[in-house]
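Report on the structure given below.
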Amino acid sequence: MMAYYVEPAARLSHSVVAGFPGAVRRHLAIVDQSRLRSDCLKLALSIQPRRWRVADVTTVSELIQRVLNGEKFDVILLGGSTCSQIDLLDIASLAAAVPQTPILVAADCDDPERAHVILRAGARGFLPASHSLKVLIGALERVRTGGTYVPLTLTEAAPTAERAPWRLLTRRQRDVLALIAEGKANKLIADALNMSESTVKAHVKQIIRRLNVANRTQAALLATRARTGH
């Protein structure tokens, strides 16, 4: 189980951002379908004392092609409006294509359990979009140097995310159930979670049994109701 480094936003922005001498340019890849978010980040990062050289693309496949063409990046920033809109297959594809390059996800944290699934899928950190630019720079540097970043607000939200039906399942089964609730087929779940399709089928069987439901559709419905509080 990965041990995530957690640090309050205020202290992270001071110790990580302000404490570096020099102006070495890091190479950052931003993957975000929103041109506005990408352009704003590029502009903001370009005027920082420790500047980042930024390449922005709208799809993961485009970034992977650039990597195959020889381009190297220090960090990949995967952005979205909400964490529910972050595709786990994108994370899995990036982790397989560039395993040595850390992935930081930035999005509104509308679903704490989903954010934890994102981290378990291969992201090195998760940054809520409500955090400041200084915290983002600190998180980028943290993951670039081999660390991880998870905000305190997310770790504090974890216990409530473990409520029924999640508490009846193992962590891996919760990951599978979260993707079932999104309508993903077993093959896509296997690709996203880096496991065999037969293992996914075994997890689905256990999920159905432990939740005492008739099929995966009912399991997905139960999970969705638990997450929305209905």
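Here are a few things to note about the model shown:
- Among (1) part of a helix (DSSP H, G or I); (2) modelled with pLDDT of 90 or more; (3) out of contact with any Asp or Glu (no Cβ under 9 Å at 6 or more places or on another chain) - the single one residue 38 does not satisfy: (3)
- Test: residue in region 156-164 that is modelled with pLDDT under 90, touching a Pro at 6+ places or on another chain (Cβ under 9 Å) and among the hydroxyl-bearing types (Ser, Thr, Tyr): yes
- Identity of the residue in region 41-65, among the charged types (D, E, K, R) and touching a strand residue (DSSP E or B) at 6+ places or on another chain (Cβ under 7 Å), that ends up surrounded by the fewest Cβ atoms within 10 Å (Cβ to Cβ): 53
- If you filter region 173-193 down to residues that are modelled with pLDDT of 90 or more and surrounded by fewer than 16 Cβ atoms within 10 Å (Cβ to Cβ), you find that the one that is nearest to residue 122 (Cα to Cα) is 187.
- Matching residues, region 37-57, being of a type in the set (Val, Ile, Thr) and in contact with a Ser or Thr (Cβ under 8 Å, 6 or more places away or on another chain): 54
- Selection count, region 26-54, where residues are more than 17 Å from residue 144 (Cα to Cα) and either among the hydroxyl-bearing types (Ser, Thr, Tyr) or in contact with a Leu (Cβ under 6 Å, 6 or more places away or on another chain) (or both): 4
- Here residue 103 meets the list (1) open to solvent by 10 Å² or more (accessible area, probe 1.4 Å); (2) at negative phi almost entirely, failing just condition (1).
- Check on residue 87, in contact with a Cys (Cβ under 7 Å, 6 or more places away or on another chain) and not β-branched (Val, Ile, Thr): no
- Residue 122 being within 11 Å of the chain's Cα centre (by Cα), on the phi > 0 side of the Ramachandran plot and of a type outside the set (A, V, I, L, M, F, W, C): yes
- Filtered residues of region 13-35 (kept if at pLDDT below 50 and closer than 16 Å to residue 129 by Cα): 13
- The residues of region 119-135 that are in contact with a strand residue (DSSP E or B) (Cβ under 9 Å, 6 or more places away or on another chain), in a helix (DSSP H, G or I) and either surrounded by fewer than 22 Cβ atoms within 10 Å (Cβ to Cβ) or at pLDDT below 90 (or both) amount to a single one, 119.
- Scanning region 60-118 for residues that are among the charged types (D, E, K, R), assigned to a helix (DSSP H, G or I) and more than 15 Å from residue 179 (Cα to Cα) gives 62, 66.
The values are calculated or read from the model by the stated rules, or taken from the named source; none is laboratory data. These numbers come from a predicted model, not from an experiment. Note that each Cβ is placed from the backbone with ideal geometry, even for glycine, and that neighbours are counted across all protein chains shown. These accessible areas exclude ligands, DNA and RNA; they are computed on the full protein's heavy atoms, side chains included. Shrake-Rupley method; radii C 1.70, N 1.55, O 1.52, S 1.80 Å.
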